[in-house]
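The values are calculated or read from the model by the stated rules, or taken from the named source; none is laboratory data. Everything numeric here is computed off the predicted structure, so don't read it as measured data. Note: ideal-geometry Cβ built from the backbone for every residue, glycine included; neighbour counts use all protein chains shown.
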Amino acid sequence: MARGLRLVESGPSIARLPAPRWAVAGLSACILAAALVATLLGAGSPRRAADPRAAADAVLRLALERGADDPTVRSDLQALRLALGRRPLDSRARVAYAAALAGLATGTGDLDAAAFHAERAARLAPVTVPVVRGAVLVLERSGDIDAALRWLGAMFRYDAGAAARLLLEVEPLVPADRVAEALAASPAAWLAWSRTLARAGRAEDAAAALSAARARWPGDLGLLGEAAARAFGAADFLALGALLPADLALPAERGAGMLHVYRAVLAARSHDPVRARADLARGQALDPGNAWLRIVAGDALDTLGATDEAVSLWNAVQFGAPRSATSTRVSVLRRLARSDERRAQAGAALGHWRELLSLVPDDPEASRRVLALTGAAP
C-alpha cells in the first residue's frame with residue numbers, strides 16, 4: 001500500500017504495513033481484532049464484498065492465513081480505505097476498519113490511525129453499544145486510555161450491564177487506580193460492576209464494590225436490595241438483619257417489595273408472626289408478579305409453621321412459570337421436596353427430586369436424595 005494514502009476526510013494515515021516477521025503479540029492482536037470485527041458484524045450478517053465491515057473481517061482473516069505482508073492483504077486494506085471513504089458516516093464500518101488497523105499495527109503511526117477512526121466511529125454513534133464497545137477496545141489497544149475510559153464511562157449511562165462487561169474485559173490493561181474512573185457517578189453503574197465481578201467469580205472484589213457504592217449512596221434502594229439478596233443467598237441472617245431492621249421505613253414502590261419479604265423471613269425466624277405477615281402482605285402487594293419474591297414468601301410461611309400455605313404458594317409459582325424458567329422451577333422443586341421429606345411424604349419427595357433431576361441432571365442434592373429414598377442410583 002502506498003504510504004500517506006488518506007480517506008476523503010482528513011485524519012491520520014497508516015504509517016506502514018506490518019513487517020514480514022510477525023511477533024506473537026501481533027498475531028494475538030490480529031486474532032482479537034478479527035473477533036471484534038465479527039462481533040460488530042453480528043452472527044449471520046451477510047458478507048458482501050462491497051460492505052466495508054465484511055471487508056475488514058475478510059482482510060484480517062486473510063492476514064492470519066497468509067501473513068500481513070501478503071500483497072493481497074495490502075491491496076484489500078487499500079480497497080477497504082477507499083470504500084470507507086465513500087461511506088464516511090457508516091460508524092460500524094469505521095470501527096471495524098479501526099479494529100483491522102489496530103490488529104495489523106506495527107508502530108505508533110498505525111495505532112494513531114486506528115485510534116483516530118475508533119474515536120470518529122464513536123462520535124458518529126455515541127449510544128450504539130457495538131460501535132462504542134469496538135471503539136473502546138481499539139482505543140485501549142492503541143494506548144489511548146483516557147479516551148477509552150471516557151467512552152466507557154459514557155456507556156454506563158445508557159447500558160450499565162454492557163459497560164460493566166466491557167470494563168471487565170479491558171480491566172487488565174487499565175491502571176488499577178483508574179478502574180473506578182470508568183464508572184459513571186451513579187449507583188446503577190456500581191451495581192452493574194459489582195454484579196459483573198460476582199458472575200466472574202471475584203466475590204471479594206464484588207463485595208468491595210458494593211460496599212463502596214453503599215457508603216457513597218446509603219439510601220439507594222437498588223444497592224440495598226442487592227446487599228440483602230446476597231446476605232439471604234449466603235444464609236447470613238445477622239447481616240440481613242443489620243441491613244433490614246424492623247424499624248427501617250421502606251418506600252411504597254415496587255423495588256421495596258423484595259425487601260419486605262426478606263424482612264418477613266427475619267421476623268418469622270424471630271417467632272414474630274404479626275410482623276412477618278405484615279411484611280409479607282406489603283411485599284406481595286408492591287410486587288405481585290415477582291416469582292422469586294413469592295418463593296421467599298413461602299420460606300417465611302414455612303418458617304412460621306404455615307407449611308400448607310407455603311406449599312400452595314410454591315405450587316402456584318411452579319405452575320405459572322414458563323418452561324424456560326429453569327432456575328425458578330428448580331428453586332420451587334427443591335423446596336417442595338425438602339418439605340415433603342420433613343413431613344415424611346417420601347413418595348411425593350421422590351417425585352419432586354426426580355423432576356428436579358430432569359431439569360438439572362447433575363444436581364448433587366437431588367442425586368443424593370433419590371439414592372437415599374430408593375436405595376439405588378437415580
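Taking the numbered list (1) surrounded by fewer than 24 Cβ atoms within 10 Å (Cβ to Cβ); (2) at pLDDT 90 or above; (3) more than 16 Å from the chain's Cα centre (by Cα) in turn, D159 passes all entries but (3). Filtered by the rule that a residue be among the small types (G, A, S) and crowded, with 18+ Cβ neighbours inside 10 Å, the range 343-363 gives a lone residue, A349. Contact annotation: residue pairs with Cβ atoms under 9 Å, 6 or more positions apart or on different chains, pairing a residue in the range 221-244 that is surrounded by fewer than 16 Cβ atoms within 10 Å (Cβ to Cβ) with a partner that is β-branched (V, I, T), are F237/V265. No other residue among A176, A209, A185 is free of Cβ contacts under 8 Å to residues at least 24 places away in the same chain and over 27 Å from G219 (Cα atoms) apart from A176. Filtered by the rule that a residue be in contact with a Leu (Cβ under 6 Å, 6 or more places away or on another chain) and modelled with pLDDT of 90 or more, the range 138-151 gives A147, A148. Taking (1) within 22 Å of the chain's Cα centre (by Cα); (2) within 19 Å of G298 (Cα to Cα); (3) in a loop (DSSP other than H, G, I, E, B) in turn, A228 satisfies each apart from (3). A search for C-beta distances below 9 Å between a residue of the range 340-362 that is farther than 13 Å from Q318 by Cβ and any residue that is of a type outside the set (D, E, K, R) and not in a helix (DSSP H, G or I), counting only pairs 6+ apart in sequence or on different chains, returns W353/P378; R354/P378; L357/P378; P361/P378. For the range 363-378, residues that are in contact (Cβ under 8 Å) with a residue 24 or more places away in the chain and outside any helix (DSSP H, G or I) total 2.
Does R269 meet the test of being of a type in the set (K, R) and in contact (Cβ under 8 Å) with a residue 24 or more places away in the chain? Yes, satisfied. In the range 192-205 there is no residue that is part of a helix (DSSP H, G or I), among the hydroxyl-bearing types (S, T, Y), surrounded by fewer than 17 Cβ atoms within 10 Å (Cβ to Cβ) and within 20 Å of the chain's Cα centre (by Cα).
Yes/no per residue for (1) among the aliphatic types (A, V, I, L, M); (2) closer than 30 Å to V274 by Cα; (3) over 31 Å from the mean Cα position of the chain (by Cα):
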{"site": "N290", "(1), (2), (3)": "no, yes, no"}
{"site": "R294", "(1), (2), (3)": "no, yes, no"}
{"site": "T303", "(1), (2), (3)": "no, yes, yes"}
{"site": "T307", "(1), (2), (3)": "no, yes, yes"}
{"site": "S324", "(1), (2), (3)": "no, no, no"}
{"site": "V332", "(1), (2), (3)": "yes, yes, no"}
{"site": "R342", "(1), (2), (3)": "no, yes, yes"}
{"site": "P361", "(1), (2), (3)": "no, no, no"}
{"site": "A366", "(1), (2), (3)": "yes, no, no"}
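Can we say R275 is of a type in the set (K, R) and out of contact with any Asp or Glu (no Cβ under 7 Å at 6 or more places or on another chain)? Considered against the rule, which asks whether it is of a type in the set (K, R) and out of contact with any Asp or Glu (no Cβ under 7 Å at 6 or more places or on another chain), R275 comes out as yes.
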